[in-house]
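Colleague: One structure, as structure tokens, below. Some questions next.
Quick note: the coordinates plus some simple rules give every number you see, no bench work behind them. Since we're looking at a predicted model, the values are computed, not measured. When we count neighbours, we look across all protein chains shown, and the Cβ atoms used for this are built from the backbone with ideal geometry, even at glycine.
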Amino acid sequence: MGESKRDYRYYLFDLDGTLTQSGVGIIDGAIRTLAKFGIEVTDRDSMRRFIGPPLRYSFREFFGLSEEKTEQAVSYYLDYMKQEGIYRAPLYPGVKETLERLLADGKKLAVVTTKTKYLAEAVIEYDGIRDFFDTIVGPGADNRNPEKKNLIRETLSNIGVSEEEFDSVLMVGDRFYDIEGAALVGVDSAGALYGYGSREELTDAGATFLIEDIRELQVFLKKM
């Protein structure tokens, strides 16, 4: 992890691949959904690209579904997530301990995700970490283009962060959407190497820091 003299006060966390190990549930949901359209997935590992991007983008861009079929796919996928997926996203080791430490040090925490908001809230409640966060921000089910930069701005507004305080904000995420979104807003970012993005992806996106494990945030705090 890099060195910094900044004293971050606000920590924004992505959900899938940063706080939760949600890959299995997300991939299963996408494969089941695509099967309804006669699309057979033979390379399960290739479906990791579904973790992170907005849902409509993934079905449309990765598999060429029309707008009408994309909407059908989203509906099928969300039904699966409500019934099964939200119960298949365990926390990464050290998440609760890290959140507890950050709160004990007087930090404000939030979740900002491209996952549909009501699903994100359900996962967070089920995993027992809702009380750690001041706000949870995600798109509504009808949001067709939930850009990460806009979700980050909404999150900062929700917790009362002014532009003069942007240098005290750290976005923690595992995909380039998180890192690029943070850069476009003007806040620092920590790329989570333990998630679903690669070192090259996070570096190329301009991550301020890279962390091998979420507990590195605790080590970083001690250094500061």
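Colleague: Can you check what the net charge comes to around residue 67, using other residues whose Cβ is under 13 Å from the Cβ of residue 67 (Lys, Arg +1; Asp, Glu -1)?
Modeller: Within the 13 Å Cβ shell, the charges total +1.
Colleague: On a 0 to 90 degree scale, rounded to 10, what angle separates helix 23-35 from the longest Cα axis of the chain?
Modeller: Orientation of helix 23-35: about 20 degrees from the principal axis.
Colleague: I'd like to compare 207-213, 146-152: which one has the highest average count of other Cβ atoms within 10 Å, and what's the full order after that?
Modeller: 146-152, 207-213
Colleague: Would you mind ranking 80, 8 by Cβ crowding within 10 Å, fewest neighbours first?
Modeller: Ranking 80, 8 by Cβ neighbours within 10 Å, fewest first, gives 80, 8.
Colleague: List every residue whose amide H lies under 5 Å from the amide H of residue 51, counting only residues 5 or more places away in sequence or on a different chain, with H placed 1.01 Å from N in the peptide plane.
Modeller: none
Colleague: Once you order the gyration tensor axes a ≥ b ≥ c over the Cα atoms, which shape class does the range 90-208 get: rounded for a/c under 1.5, otherwise prolate or oblate by comparing a/b with b/c?
Modeller: rounded
Colleague: Let me ask something else about it. Summing Lys, Arg as +1 and Asp, Glu as -1, what charge do residues with Cβ under 11 Å from the Cβ of residue 146 carry, residue 146 excluded?
Modeller: +3
Colleague: Also: So if I place +1 on the C-beta of Lys and Arg and -1 on the C-beta of Asp and Glu, and nothing else carries charge, what would the dipole magnitude of the chain be about its Cα centre? I want it in debye, nearest 20.
Modeller: 220
Colleague: Using only helices, what value at 222 nm comes out for the chain when you add -39,500 (n - 2.57) per DSSP H run of length 4 or more and divide by the total residues, to the nearest 500 deg cm²/dmol?
Modeller: Calculated at 222 nm, the ellipticity per residue is -11500 deg cm²/dmol.
Colleague: Which ³J(HN,Hα) values in Hz, rounded to whole numbers, follow from the phi angles of the range 95-111 under the Karplus curve 6.51 cos²θ - 1.76 cosθ + 1.60, where θ = phi - 60° and Gly and Pro get x?
Modeller: 5, 4, 4, 5, 4, 4, 5, 4, 5, 4, 8, x, 7, 9, 10, 8, 10
Colleague: For the residues 63, 50, what sequence is obtained by ranking on other C-beta atoms within 10 Å, fewest first?
Modeller: In order of increasing Cβ crowding within 10 Å: 63, 50.
Colleague: Distance between the C-alpha centers of the range 47-82 and the range 159-224? Whole Å please.
Modeller: 26
Colleague: Stokes-Einstein at 4 °C, 1.567 mPa s, Kirkwood radius from Cα pairs: D for the range 23-87 in µm² s⁻¹?
Modeller: 111
Colleague: Counting Lys and Arg as +1 and Asp and Glu as -1, each charge on the Cβ, what is the dipole of the range 23-87 about the Cα centre in debye, to the nearest 20?
Modeller: 80
Colleague: Provide 201, 165 in ascending order of the number of other Cβ atoms located within 10 Å of each residue's Cβ, fewest first.
Modeller: The most exposed by this proxy come first: 165, 201.
Colleague: Through the Karplus equation 6.51 cos²θ - 1.76 cosθ + 1.60, θ set to phi - 60°, convert the phi angles of the range 140-156 into ³J(HN,Hα) values in whole Hz; use x for Gly and Pro.
Modeller: Using θ = phi - 60°, the values come out as x, 4, 9, 7, 7, 8, x, 5, 4, 4, 5, 5, 5, 4, 4, 4, 4 Hz.
Colleague: Let me ask you something else. Let me check I've understood the local charge: for residue 108, count other residues with C-beta under 10 angstrom from its C-beta, Lys and Arg +1, Asp and Glu -1. What total comes out?
Modeller: Spelling it out: positives minus negatives among the neighbours equals +1.
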